[in-house]
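Heads up: the structure comes next, in structure tokens.
The values are calculated or read from the model by the stated rules, or taken from the named source; none is laboratory data. Note that the structure is a prediction, hence the values are computed from the model and not measured. Note that we place each Cβ from the backbone using ideal geometry, even for glycine, and neighbour counts take in every protein chain shown. SASA here: full protein model, heavy atoms, side chains in, ligands and nucleic acids out. Shrake-Rupley method; radii C 1.70, N 1.55, O 1.52, S 1.80 Å.
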Amino acid sequence: MVLTAGYKVSHYEIIAQLGAGGMGVVYRARDERLGRDLALKVLPTESMDDQNARARLLREAQMASSLNHPHIAHIYEVGEDRDLLFIAMELVEGRPLREVIGQSGLNPETVLRLGLQIADALAYAHERGVIHRDLKSANVMITPEGRAKVLDFGLAKRLQEEDGDKTSPELSLTGSGMMVGTPNYLPPEVLLGGKADPRSDVWAMGVVLYEMASGKLPFAGASLAELAGSIVNGAPTPLSGRVPVGIQAVIGRCLAKEPSQRYRHGSEIRVALESLLGSTVPGSTGRGPRRLWVAGGLVVLGVGIALALGPGRLWDRIAGHAGGSRIASLAVLPLANLSGDPEQEFFADGMTEELITQLAPIRSLKVISRTSVMRFKNSKKPLGEIASQLGVDGIIEGSVQRAGDRIRITAQLIEASTDHHMWAKSYERDFRDVLALQSEVAGDIAGEIRLQISPQESAKLASRRPVNPKAYELYLKGRYLWNKMTPDDAPKAIDYFEKALALDPGDARYSSGLADVYVVLVQVMGTMPTKEGMVKVKEYARRALAADENSAEAHSSMACAIFFGDWNVPEAERQVQTAIEINPGYGTAHLVYSVILASMGRLDEAIEQDHLAMQVDPMSMIVHWNAVGTLVMARRYDDAMALAKRALELDPQSPLPQGGMAHIHELRGEYEAALDIYERVLPESEGGKALVAKIRQAYATSGPAGYWRAVYESVGKRSGPPRSHTMQLAIYCAQMGDADGALKHLEQAFREHLADLLWLNVEPSLDPIRSDPRFQALARRVGLASRT
């Protein structure tokens, strides 16, 4: 349940949502009794029956409410109202420390000042038996007055509770198996399965100090597995010489691999930082003499700068930003398979696709589709280069590991322009809850990059039904084979989907998967007659929609069935528009809509849909091929040729853009250029060179008519798949000037119910016979009269 502005929880009135995560949704609210704004954390409605979730939230409140410190966000109240469990807490205005740091880090004085405040907060908590366990720069707010506030002790745990706790720390009350902490800030012993203690916070404090001093993290890796290996076995990247030796020494001790070699708790870090200052900083609660940190003249100058820049812009300038960075587009790179079993690749790929599916419907975010990101599986290219090719601001990379009935997913967010690791986290769940896990990951990513998410989008992320483990595994195997789009793999995919559907008829994915396979068999491979195949597509799309009326995939498949099978163009358009409304990031729906619009002669609109499809699927040859075809139908041959050449650069081996280029040459009357392409792409083993030589000779002897007659004869002799060559033969006759022959084949295509007839009014190759009354009568019978 997402609370909207004006809704009241106890005596708190909701103003706006601030963020969401596994521990709950946080709102800005108004305390009507005391007349002040605060932050209100509410346990998600779907988790109200989860006693572990209740226990986590209550424990968070009880622990944090005992911490009354100027550098710790304060808890005011924990309560319950109409089955809503909530925590009222201090609303901290300002910017996360992560954003304030900037690319080059902070100056040494600021590192010491803020570091001392954070260490003071840790010291206070450690003295009271509380550890944080998720300290990071994103969990520290810097107020407009320059004070640090440590947030979110939601993963903290009283030390005395550890003594009798015999369970694994990852599987205790920490969020349905979510790994405690963020990988970049976790110490070696916790990554290796040990328990957290104050020295774990000391390590995290060392990472935060290093980050403040340099603008970077001390350990890096091309993957999360490499990152973990670097933390456990590697040395931190050396700091620049501009970082004072004293600060480097404190960081070095915090980051000692052996816990016994670190400071024992926060108070020792506080003492070490105080010694570097010579005294405490104003605002800390440490004992000892105080002195002013900045000379009076600099304070006046700072106030003048603040007034000149404005309160929001001041922090951007201090942090080295011209304006806060914003991630508006993402690519989820293929998750690494850490199961140690190559047979589990289908599972890793399936988890990648599921995460993309979860993120794609968010309207304020462009998410690259699976087809394009899979080109970079196991790629050694730098992330910046991949991001540039895909046209995105950020990259999500990570890994997935399956062990029996448990799933662990690790993910990290990287800002492409700076290679800055903005966020990282690990999650662990029971296999039945794998979809809820993916929703949580997607929600955390959206919250991390401060996306505006509608209540409907939030509700969709939150409502994920448990899966039947066996059925879902069969489904993932089917998707893995379907994505290969080969005649041999399609029947196997159908078998997997049918078995999954038999085990769990209520899951829309399995019916939708079957619909997708039959679309490919008919329209891509041409191995099944249109009418027969589209009956199957409609059947399974209908079953998918009965299980989930908000399935964009099912609406898109239904549009295909109605368009190609029934020739009901208006209803097909309505279905695909619904698909896009549900998920504007679903590239296939934009592709289908382009096809439908082109058939109606609305070519400018079709070209716009092609652009949208290419934005989310920039590496797809099918998307590019269709876009080239749309431009051809619009008679924009130069633009079509340019796009085909760009597609060929993406995949020099693909026959699709080369076929498009040859067709454009033919329409321009550039037959020699078309033959040069055919000579390159037609396989010699199937007589390609001999065929091209024959056509070339016919063209030299009899010109264009000879060219097309030779092509007609070669195609007519071929034995094709169930979807015949009838339309091709009609086009070749039209190009030869044989109107009678062309119309004979078109009548045959009508009897065969070939969907290619839907483009009669826009196909340039049929222009020579377009004025023939028989052609116009056929168009009316197809249902195209209003589009001539």
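Around the amide H of residue 85, modelled in the peptide plane, lie the amide H atoms of 43, all under 5 Å away and 5 or more residues distant in sequence or on another chain.
Seen from all directions on average, the range 620-742 presents a Cα convex hull projection of 7.9 nm². With θ taken as phi - 60° and the Karplus curve 6.51 cos²θ - 1.76 cosθ + 1.60 applied, the whole-hertz 3J(HN,Hα) list for the range 391-398 is x, 10, 8, x, 10, 9, 10, x Hz, x standing for glycine and proline.
With the highest mean first, a sort of the peptides 90-103, 503-516 on other beta-carbon atoms found within 10 angstrom per residue produces 503-516, 90-103. Computed from label points 7 Å out along Cα-Cβ, the spacing between residue 525 and residue 499 is 1.8 nm. Taken one residue at a time, the phi angles of the range 673-684 give Karplus couplings (6.51, -1.76, 1.60, θ = phi - 60°) of 5, 5, 5, 4, 5, 4, 5, 6, 9, 6, x, 5 Hz. Gly and Pro are set to x. Within the shell defined by Cβ-Cβ distances under 12 Å, the residues around residue 672 carry a net charge of -2, with Lys and Arg each +1 and Asp and Glu each -1. Residue 65 contributes about 50 Å² of solvent-accessible surface, heavy atoms of the protein only, 1.4 Å probe. Aspartates and glutamates within cross-link reach of residue 381: Cα-Cα under 18 Å, excluding same-chain residues under 8 positions apart? Those aspartates and glutamates meeting the cut-off are 226, 393, 397, 415, 419, 649, 651.
Using the alpha carbons alone, the radius of gyration of the range 370-426 stands to its Kirkwood radius in an Rg to Rh ratio of 1.03. As a size descriptor, the averaged projected area of the C-alpha convex hull of the range 1-40 was calculated at 2.7 nm². Near the amide H of residue 72, within less than 5 Å, lie the amide hydrogens of 150, all on another chain or at least 5 residues away, with H placed in the peptide plane. Rounded to the nearest 0.05, the FRET efficiency derived from the C-beta distance between residue 257 and residue 611 at R0 = 51 Å is 0.50.
Applied to the range 69-77, the Karplus parametrisation 6.51 cos²θ - 1.76 cosθ + 1.60 on θ = phi - 60° returns per-residue 3J(HN,Hα) values of 8, x, 10, 10, 4, 8, 9, 9, 7 Hz, with x for Gly and Pro.
The 1.4 Å probe gives accessible areas that order 486, 352, largest first, as 486, 352.
Label sites at residue 417 and residue 744, each approximated as a point 7 angstrom past Cα along Cα to Cβ, lie 6.5 nm apart. Computed from the Cβ-Cβ distance with R0 of 56 Å, the FRET efficiency linking residue 705 to residue 432 stands at 0.25.
Under a 5 Å amide H cut-off, with hydrogens placed 1.01 Å from N, residue 19 pairs with 26 among residues at least 5 apart or on other chains.
Packing around the peptides 603-616, 198-211, taken as the average count of other Cβ atoms within 10 Å per residue, puts them in this order, highest first: 198-211, 603-616.
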